[in-house]
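Okay, so here's the structure we're looking at.
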Amino acid sequence: MIVDRTGRRFRNLRVSLTAACNYACTYCVEDGKRLLRARDELSAAELAHGVELLMEVAGIEKLRITGGEPLVTPKFDDFLTAVMAMPLSDVSFTTNGQLLADKVDLLARCGLKRVNVSLDTLHPERFRQIARGGDLDSVLHGIERCLAAGIRVKLNMVPLKTGNADQILPMLDYALERGIELRFIELMRMGHLAHSAAFDRDFLGMEDLLDIIGARYRYNRTDAAWDSTAVRFDVRGGDDAVLGQFGVIANESEPFCSTCTRLRLSADGYLHGCLSSSNRHAVSDLLRGPREDAVAGLEAALWRAMGDKQDVAFTGGATVMKLIGG
Ligand code: SF4
């Protein structure tokens, strides 16, 4: 088992099914240009084989399917069907929701229990300004269809000081009304934001966020899984009853590297041990080769990837989020 000197080991695998996306969110990419050629991406079968091998070699227990946008690729159906048949303790996926409504029947048929939908505003015009693609109504429709099918929804919102700060309370109202847990993700200094004034202009940290929420709701900190990235809060009603939860993924304000168990596999077959490191470790040949070579080769690559992790905090990363998903 790959365990580093602080006791961290890989438990959560995030697989980027494709680097393609039908959006170009302002905090993720500079523009909508394609970052990878389709022919350089692994097939659904190769990526699924990678998951199996990483379960064996790294002890992976949980899987998150990401992108780019995982629903824009025809690989999604086969990949989901394959991984849902594996002995994983949890499978989820992150989507921008644009194509979600048409996939709900497949998700339910495969037994998927939960989905994370990235949504930064309930204002149609603001939506277009931030996402630079798609439309709000399609996303809201996808969310409602998931809820109707009994699939648990979490919302991911990136609060931006100049982009959507006035949407924080409407988004929380929307989520609480539907029993959805809203996760606020602090802006990350990644890709084009790594050394940009835009980051300082738009960064809205947990303290400011809680001040805004405190103007309407009472809340108190509550439990979260030991390796969770989120600080979680109960929202209290007038009679002190719990109305719901929200979370803050506070990579700047309250770093969580010391309990990081995440490993990422990109669509073009690289292992990434840490978002804050631009190191990556090629494994596509291993995934396409004989099993015994793959097991030995993956073990070596995993030790290198584990070595890339930060001890304390995310320090910024050149890697574009769209390439490896959150
Ligand atoms: S910066 Fe690296 S070590 Fe820290 S939480 Fe993110 S991926 Fe893990």
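The values are calculated or read from the model by the stated rules, or taken from the named source; none is laboratory data. All values reported here derive from a predicted model rather than from experimental measurement. Don't worry about glycine lacking a Cβ; one is built from the backbone with ideal geometry, like all the others, and counts go over all protein chains shown. Ligands, DNA and RNA are excluded from the accessible area calculation, which covers all protein heavy atoms including side chains. Shrake-Rupley method; radii C 1.70, N 1.55, O 1.52, S 1.80 Å.
Quick notes on this one:
- Filter pass, Leu176 being part of a helix (DSSP H, G or I), touching a helix residue (DSSP H, G or I) at 6+ places or on another chain (Cβ under 9 Å), modelled with pLDDT of 95 or more and open to solvent by less than 60 Å² (accessible area, probe 1.4 Å): no
- Among the residues of the range 122-139, those that are assigned to a helix (DSSP H, G or I) and either open to solvent by 40 Å² or more (accessible area, probe 1.4 Å) or among the charged types (D, E, K, R) (or both) comprise Pro124, Glu125, Arg126, Arg128, Gln129, Asp137.
- Long-range neighbours under 6 Å by Cβ, at least six apart or interchain, first residue in contact (Cβ under 8 Å) with a residue 24 or more places away in the chain and more than 10 Å from His281 (Cβ to Cβ) within the range 300-319, second among the basic types (Lys, Arg) and within 11 Å of the ligand (Cβ to nearest atom): Gly316/Arg189
- The selection criterion, being of a type in the set (Ser, Thr, Tyr), under 29 Å from Phe199 (Cβ atoms), open to solvent by 10 Å² or more (accessible area, probe 1.4 Å) and in contact with a helix residue (DSSP H, G or I) (Cβ under 8 Å, 6 or more places away or on another chain), holds for Thr26.
Every residue, every condition in (1) within 25 Å of Gly307 (Cα to Cα); (2) of a type in the set (Asp, Glu); (3) not in a strand (DSSP E or B), yes or no:
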position	(1), (2), (3)
Arg5	yes, no, yes
Ala20	no, no, yes
Ala24	no, no, yes
Val29	no, no, yes
His49	yes, no, yes
Glu52	yes, yes, yes
Leu71	no, no, yes
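- Matching strands (runs of 3 or more DSSP E) fully within the range 215-322 where at least 1 residues are open to solvent by 30 Å² or more (accessible area, probe 1.4 Å) and more than 15 Å from the ligand (Cβ to nearest atom): 218-222, 231-236, 242-249
- Residues that are part of a loop (DSSP other than H, G, I, E, B) and either touching a Lys or Arg at 6+ places or on another chain (Cβ under 8 Å) or surrounded by 17 or more Cβ atoms within 10 Å (Cβ to Cβ) (or both) do not occur anywhere in the range 77-85.
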